[in-house]
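The block underneath contains the structure these notes are about, expressed in structure tokens.
The values are calculated or read from the model by the stated rules, or taken from the named source; none is laboratory data. In this text, all values refer to a predicted model and were calculated from it rather than measured experimentally. Here Cβ is always computed from backbone atoms with ideal geometry, including for glycine, and neighbour counts include all displayed protein chains.
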Amino acid sequence: MSLHSLYWIFRRLMRTKAHARLAQAKGIEELVYNRLSQDFRAKYALLAKHDISRFTSPIWDSYNAALEKVFLPVPPIGFLNDRVVTETMFVTAGGNWLNEELPILRKRRPKR
């Protein structure tokens, strides 16, 4: 057997081990997610009772409404890949929402 063949066998074995570890970790994450997601709706209902309108802006109100449609009654397991979630993350939004948000926040800031 050539060195080249041994190299590819070794790589395939290592990839298989890595995939097995990843599958095991994903299985554990799914178990934890399923347990935590069972009472998501009840916890959200408790939070939704509070009026947060003075802390949000129109753009965030629309984000919240879109997220409710996706997350209720239970968020999907891949919720971090949702379009609205990725748009509101600092690292993926590219600063666009910040450029829209700053003028609104400046208007609402109390004068000193």
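Just a few scattered comments:
- Filter result for the condition that a residue is assigned to a helix (DSSP H, G or I), of a type in the set (Val, Ile, Thr) and surrounded by 10 or more Cβ atoms within 10 Å (Cβ to Cβ), over 84, 74: 84
- Taking first residues from region 16-35 that are loosely packed, with under 10 Cβ neighbours inside 10 Å and partners that are of a type in the set (Gly, Ala, Ser) and at pLDDT below 80, no Cβ contact under 7 Å between residues at least 6 apart in sequence or on separate chains turns up.
- Any chance residue 41 is among the charged types (D, E, K, R) and either surrounded by fewer than 10 Cβ atoms within 10 Å (Cβ to Cβ) or over 21 Å from the mean Cα position of the chain (by Cα) (or both): no
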